[in-house]
Structure formats: structure tokens, C-alpha cells
Amino acid sequence: MIPAIVKASLSEINALQEQKLLEVLTYVNQNSPFYKRLFAKERIVVGNIKTIEDLQLLPVTTKEDLQKHNDDFLCVPTNKIIDYTTTSGTLGEPVTFGLTDKDLDRLAYNEAISFDCAGIKEGDVVQLMTTIDRRFMAGLAYFLGLRKMKVGVIRVGAGIPELQWDSILKYKPTYLITVPSFLLKLIGYAEANNIDYNNCGIKGAICIGESLRNQDFSMTILSKKITDKWNIKLFSTYASTEMSTAFTECEHSIGGHHHPELIIVEVLDENNKPVKNGESGELTFTTLGIEAMPLVRFKTGDIVQLHTDPCSCGRNTLRVGPVIGRKQQMIKYKGTTLYPPAMIDILNNFDNIDNYIIIISTNELGTDEILIRIAVKQDPSGSEQAKQYQVLKNYRNSLLENKNTIEVTDFGAGSKVFKSNTRQIAKIAKTAGITRKRAELLFRITNYFQPSTILEIGTSLGLATSALALGNIKASITTLEGCPNTMAIAKNQLQLFNFENINCIATEF
């Protein structure tokens, strides 16, 4: 699906962009209340803007403009809007974007050629590990692009390693779309559950939201941690709701390729002038082919460097390097310019750091100060929490080893797992009980809030009950179970593990 324009000569690419630039300027001058007003105020004659260099004659558009005049950017009546989406609000209040049917087609085309750049082809199956709801553009864009490519999609959504691995092992995807740090959680879950992740069929991951490369395109600590364990190819991608366009790496991993038929890019200095070749500045773009809310010279707030040297993949377009940082997040520390991603990459290098918060403030002298609060991982073998987890594990294992059977009384819709009311205790524990991780979470919640009175409806074999009891041994716990035989097993099990703060009641509810 490589468009011919990306392999065309630079003069052909430039000619196409200048033609489309005139089209978009004419369009917004006729249909956008914001640009019509701005061009009149600045005495801009659209016909005078003939070249890419002439863009410098136009004022820039900022995030603040979008926030203050959101509706004035709309170029079509609202009955033409098919989808509403909002920005993340990273640099302020979220902004609403409307997309027409034509805009959705453009979005699908953009993602299709971007995924093709990363090596995804018809016949592949892709697991989508980002949300497609909550007015989030990216998830919808990914789905539309993959559908256009005739690629299978598994829409799992964000988080839940257990569910992700269930889908990977069941449907055999070849690529993942995810936040890269989540891949470390997938690796951790796989190792804890004896999943051979290097032989599961995953060839690569399209990564969003976090940087994979340093400025020289070497791997960040995060991406190296992933690939040191998991033999997959990681592809970095850069995009935003405002541009409705993605810059995705090819197999050579030297920056995200530009789609000249969709967007014009500039890199500007503090005075809104283009930087010299090889210098970094604020990425600024003009969208092409957008019907509902096109933008002209929109400043993203992202500091990047453009690369124009040839790429071995055959594409002649420029490439956007890794984001150095957000302009509004730039820090001056002891005379050095610094961005949070640099600190994040260093902190990710320490295996014993569990979490951290970076706090930036300005002191009375007007200079920046940095405070980093770090939570370190405890030695799991010696922590009190680990000992409690071991009790829960022992409780679970003793049930999983119990091969005795009981007659179970089903209430409501009945079991979807068992075909008979005669059931083995071990199988009940495996299929009907709370998972190990959720039992540990329930323990932590109870331990944190220390409720004095707890009512549990549905004891089953007491897996959740034991977590509640361990969380606060002083709590008065009442647990109800509809099946007397199941309750008898649970009661005996709880007594065996010396849980004395529980009142077990067999009753209908």
C-alpha cells in the first residue's frame, strides 16, 4: 500500500504539497469562521501564498486558540459530523474535534499506509490493546485502518494481562498495538504463568505514547528491557488528534515517515521561524484533505528534529525523530535544558524502583527545582504482605488439591461451566472462585480501609472471604451462601486456617 508520492522526487512531493496548500487555504478562508476572521485581521491574501516557504507569511495557530474558539474552527454544519472525538488535554483543557464521513475515510487511509510502513499486511491479525471508546480517536483510527487493509482485529482494549494473554493464545495475533511499558507487564505475567512468550507468534508491536528511541535512534532503556526478553520488533509511531495523521517507523527504525499528501510539517524556533537543518524546534503542521476541522500552522508543543537523509526502505519523504519533550515542560536546571523524558529513561533503568513521581517547581530566585519521589520494591520473601499472600495461596492450593465431590444447589441462571450438580471441589475453586490477583487486591483494599463490619454475599468456597479476613482480623464478617454443602466446605476450610472473625450463614438471598 505504499503511495507513489512517498517514492517520488522531492520536487514532485513539493509540487503536490503546494497545490494542496492553496486548496486548504482557500477552503478555510471560505468555511472556517476562525480563519476567515484571522486572515481578515492580518490582511492575508490567500492567493499570495504559493509556496511552502510562503507559509511564514501566515500567523500560527495555538492550542489556546482551539480552546477559546473551538466551535469556530468547524467548517461544516453539525449534521455532517459523523464522529466526535476529544484531545487528551495534555497541555490544557481538552478540545472537541468533529469528523465527517470523508474525514473518517482519510483517517483509515492514514492508518493503513502507516501500518503498512511497519510491516503489517493483509492476512495478519492485530490485537488492539488501546481503548476504542471514551471519545478517543486513536483506537477508532487503528480499527478503521486495519479494516481497510483487510487485517483481522482483536479488540481487547487496555490493561488486564490475563485477558490479553487469553486472546493472544486463542487467536494467534501477529502484531500488537500498545503502550510499550505495558509489554513489560505482559512479560511479567507470562513468566509468572509459564507462558512461552517467545513462541506465541507475535512478530512485532506498534507502540504509542512512550518513546522507543533516543535522539540517535538507539534504543531507550524501556525498549531495550522489552527486546532483551521478548524477541519482537518494536515500531515507534507519533500522532495526535489535531493532525489526524501518523508518523510511523519502517523496519529501519530511523524516524517516523511523513505522508506528504496528508500534512505539511515545519519545525519552528521561539520566533516562529523555521530552524536550520538538523536543529530541533517545535513541530508545526498544516493538515491537508480534512473537511470538518482543518488546521493551518498549528503548533503542537512537541520539540522534535526532522531528518531528510535517504531511508533504505525507498521512501523519499522526511522523517520525524523521537519527541525530545513538550515545550511547556522544558526545564532549565543549573543552566542545562532538560525535558522529563530524559529523567524517565534514567529512572526506568533501576529494576528496584516500583514507581516514581517527578515534581517540578520554580523557587523564589526564578530557577527550576526538581524533586523525585521514589517507591522501591520490597523484598517479597520478607515482607509482611508477602506472608499474607502466601496464606491466601495455601488456602487456594488446598482447595485445588481437593478431589472430593459435593452436590451443589444452583440458584438463578445456573452454572455455565458444569453440566451436573455433582461437582469436584477442586474444579469449583478453579472456575468459580476469585482469581489470585483479585484476592490479593481485595486483601489490600480491606487492609487499607480497615472496615469494622463486612457483609459478603456469595461465599462459594471462601477464597474472597479469606482475603477479607486477612485484610482486617478485627473486622466482624458475615458471609452468605445459598448452597448448604458449599458453605459447609467453606466453613471447614476457614476454620482450618484459623479465621475466627467470620459468621457463615447458609441462606437464600
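The values are calculated or read from the model by the stated rules, or taken from the named source; none is laboratory data. Predicted model only: the values in this text are computed from it and were never measured. Neighbour counts run over all protein chains shown; Cβ positions are idealised from the backbone, glycine included. Quick note on the areas: whole protein, heavy atoms, side chains included, nothing else; ligands and nucleic acids left out. Shrake-Rupley method; radii C 1.70, N 1.55, O 1.52, S 1.80 Å.
Descriptive notes on the structure:
- When a 1.4 Å probe is rolled over the protein heavy atoms, the share of accessible surface on the chain that falls to carbon and sulfur comes to 51 percent.
- Between the residues Ile303, Leu234, Phe449, the greatest Cα displacement towards the positive end of the dipole of the chain, with unit charges on the Cβ of Lys, Arg, Asp and Glu, is found for Phe449.
- Once backbone amide H atoms are built at 1.01 Å from N, Ser476 has Thr453, Ile454 as its partners under 5 Å, excluding neighbours fewer than 5 places away on the same chain.
- Gyration tensor verdict on segment 67-120 (Cα atoms; rounded if a/c is under 1.5, prolate if a/b is larger than b/c, oblate otherwise): oblate
- Highest-first arrangement of 233-239, 31-37, 354-360, where packing means the average Cβ count within 10 Å: 233-239, 31-37, 354-360
- Segment 151-228: proportion of alpha-carbon pairs further apart than 17 angstrom, %: 45
- A simple charge model with +1 on the Cβ of Lys and Arg, -1 on the Cβ of Asp and Glu and nothing else charged puts the dipole of segment 80-211 at about 280 debye relative to its Cα centre.
- Looking at the chain, the DSSP beta bridges with both ends there are about 60 percent antiparallel.
- Its residue count N sets the reference 2.2 N^0.38 Å, and the alpha-carbon radius of gyration of segment 26-108 equals 1.21 times that reference.
- Helix 161-171 axis, angle to the chain major axis (alpha carbon atoms, nearest 10°): 80
- For the chain, adding -39500 (n - 2.57) for each run of n ≥ 4 DSSP H residues and dividing by the number of residues yields -10000 deg cm²/dmol at 222 nm.
- One equal scatterer on each Cα of segment 221-328, no solvent, Debye formula: the resulting log10 I(q)/I(0) at q = 0.10, 0.11, 0.12 Å⁻¹ is -0.31, -0.38, -0.45.
- Seen against the Cα atoms of the chain and their longest principal axis, helix 101-117 is set at about 80 degrees.
- Sequence ranges 501-508, 184-191, 250-257, ranked by mean other-Cβ count within 10 angstrom, highest first: 250-257, 184-191, 501-508
- Computed with a 1.4 Å probe over protein heavy atoms only, the accessible surface of the chain comes to 51 Å² per residue.
- Amide H within-cut-off set for Ile372, under 5 Å, with H built and near neighbours excluded: Ile359
- Kirkwood-Stokes translational diffusion coefficient of the chain, alpha-carbon pairs, 37 °C, 0.692 mPa s, µm²/s: 123
- Projected area averaged over orientations for segment 93-169, convex hull of C-alpha atoms, nm²: 6.1
- Most tightly packed first, judged by the mean number of other beta-carbon atoms within 10 Å of their residues, the peptides 39-47, 118-126 read 118-126, 39-47.
- On Cα atoms only, tilt of 137-148 relative to the major axis of the chain in degrees: 80
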